[in-house]
Ligand SMILES: Cc1cc2nc3c(=O)[nH]c(=O)nc-3n(C[C@H](O)[C@H](O)[C@H](O)COP(=O)(O)O)c2cc1C
């Protein structure tokens with residue numbers, strides 16, 4: 001049985017990234033009716049930014065020193081447990097200012113934990129969240145897969161990079177781009193995304 005962690009991050013009603021990711025879920029459900037889906041909607045339930053207490057609690061030799069710091073570790077641990085329990089991680093991300101929304105970055109900051117999802121070895125950093133598959137649905141107004149804006153693409157490349165860092169190297173991306181270039185371009189981009197949703201869901 002597949003266990004999917006579905007992380008969405010667009011606050012927009014009618015979000016392209018969420019609607020295509022929802023389609024991925026419905027296609028997986030069709031193929032595997034017993035699939036378990038854990039939904040984490042970061043736009044509706046945002047996580048706090050990491051702060052001095054988080055660093056003391058998770059990155060210092062002493063560890064958590066206060067009740068507040070213990071609560072911070074508990075929250076981060078729960079998010080890591082949720083990630084480690086999943087076989088498939090589905091992430092839906094709008095592009096904001098060339099990167100991912102800060103809500104999604106806060107989630108990344110909570111789940112990238114030394115000793116839990118990666119470790120430093122003599123050979124350098126090693127990802128510990130191995131044996132998983134990720135599906136990333138990216139929506140953006142402009143075109144970044146080719147052309148002059150390519151160097152400003154810090155959404156898809158960032159997510160692929162950070163997933164790889166924690167050991168998730170089997171990553172499929174669905175890019176819905178050019179949605180700001182007019183309704184026809186947007187509609188075609190979403191239609192292509194929905195076709196890809198079916199293909200990636202069948203392989204999940
Ligand atoms: C705050 C904000 C920043 C944005 N920044 C960019 C950007 O840097 N590049 C781009 O191509 N589109 C940008 N867009 C457009 C969104 O990426 C586009 O509307 C996309 O569809 C959002 O995803 P969603 O439909 O899942 O909400 C931005 C939109 C907003 C609201």
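The values are calculated or read from the model by the stated rules, or taken from the named source; none is laboratory data. Everything numeric here is computed off the predicted structure, so don't read it as measured data. Using ideal geometry, Cβ is built from the backbone for each residue, glycine included, and neighbour counts are taken over all protein chains shown.
So is residue 113 surrounded by 12 or more Cβ atoms within 10 Å (Cβ to Cβ), over 15 Å from the mean Cα position of the chain (by Cα) and away from the ligand (no atom under 16 Å from the Cβ) or not?
Against the criterion (surrounded by 12 or more Cβ atoms within 10 Å (Cβ to Cβ), over 15 Å from the mean Cα position of the chain (by Cα) and away from the ligand (no atom under 16 Å from the Cβ)), residue 113 qualifies.
Taking into account only those residues within region 55-92 that are in contact (Cβ under 8 Å) with a residue 40 or more places away in the chain and assigned to a helix (DSSP H, G or I), which is nearest to residue 196 (Cα to Cα)?
First, pick out the residues of region 55-92 that are in contact (Cβ under 8 Å) with a residue 40 or more places away in the chain: 58-59, 82-92.
Going one step further and asking which of them are assigned to a helix (DSSP H, G or I), we end up with 58-59, 82-85.
Numbers: 58: 38, 59: 40, 82: 26, 83: 24, 84: 26, 85: 25 Å.
So the residue we want is 83.
Please verify whether region 30-37 includes one or more residues that are farther than 21 Å from residue 189 by Cβ, surrounded by fewer than 13 Cβ atoms within 10 Å (Cβ to Cβ) and within 16 Å of the ligand (Cβ to nearest atom).
Looking for residues that are farther than 21 Å from residue 189 by Cβ, surrounded by fewer than 13 Cβ atoms within 10 Å (Cβ to Cβ) and within 16 Å of the ligand (Cβ to nearest atom), one finds none in region 30-37, hence no.
Restricting to region 155-204, what's the tally of residues that are under 30 Å from residue 125 (Cα atoms) and either touching a strand residue (DSSP E or B) at 6+ places or on another chain (Cβ under 6 Å) or assigned to a helix (DSSP H, G or I) (or both)?
22
For residue 26, indicate whether it is touching a helix residue (DSSP H, G or I) at 6+ places or on another chain (Cβ under 9 Å) and either modelled with pLDDT of 95 or more or loosely packed, with under 14 Cβ neighbours inside 10 Å (or both). Before the answer, list the steps.
Values: touching a helix residue (DSSP H, G or I) at 6+ places or on another chain (Cβ under 9 Å): yes; either modelled with pLDDT of 95 or more or loosely packed, with under 14 Cβ neighbours inside 10 Å (or both): yes.
Against the criterion (touching a helix residue (DSSP H, G or I) at 6+ places or on another chain (Cβ under 9 Å) and either modelled with pLDDT of 95 or more or loosely packed, with under 14 Cβ neighbours inside 10 Å (or both)), residue 26 qualifies.
State which residue is farthest from the ligand (Cβ to nearest atom) when the search covers only region 128-150 and only residues that are outside any loop (DSSP other than H, G, I, E, B) and within 16 Å of the chain's Cα centre (by Cα).
133
Tally up the residues in region 93-108 that are outside any helix (DSSP H, G or I) and free of Cβ contacts under 8 Å to residues at least 60 places away in the same chain, please. Show your work before the answer.
Our first condition is that a residue be outside any helix (DSSP H, G or I); within region 93-108, this holds for 93-101.
From what is left, the residues that are free of Cβ contacts under 8 Å to residues at least 60 places away in the same chain are 96-99.
So the answer is 4.
How many residues are free of Cβ contacts under 8 Å to residues at least 24 places away in the same chain and under 22 Å from residue 199 (Cβ atoms) if we restrict to region 132-168?
3
Which condition from (1) touching a residue at least 60 places away in the same chain (Cβ under 8 Å); (2) within 16 Å of the ligand (Cβ to nearest atom); (3) farther than 18 Å from residue 85 by Cβ; (4) not in a helix (DSSP H, G or I) is the one that residue 44 breaks?
With respect to (1) touching a residue at least 60 places away in the same chain (Cβ under 8 Å); (2) within 16 Å of the ligand (Cβ to nearest atom); (3) farther than 18 Å from residue 85 by Cβ; (4) not in a helix (DSSP H, G or I), residue 44 is out only on (1).
Quick one: would you say residue 81 is within 22 Å of residue 2 (Cβ to Cβ), surrounded by fewer than 14 Cβ atoms within 10 Å (Cβ to Cβ), out of contact with any helix residue (DSSP H, G or I) (no Cβ under 7 Å at 6 or more places or on another chain) and modelled with pLDDT of 95 or more?
Details: within 22 Å of residue 2 (Cβ to Cβ): yes; surrounded by fewer than 14 Cβ atoms within 10 Å (Cβ to Cβ): yes; out of contact with any helix residue (DSSP H, G or I) (no Cβ under 7 Å at 6 or more places or on another chain): yes; modelled with pLDDT of 95 or more: yes.
Against the criterion (within 22 Å of residue 2 (Cβ to Cβ), surrounded by fewer than 14 Cβ atoms within 10 Å (Cβ to Cβ), out of contact with any helix residue (DSSP H, G or I) (no Cβ under 7 Å at 6 or more places or on another chain) and modelled with pLDDT of 95 or more), residue 81 qualifies.
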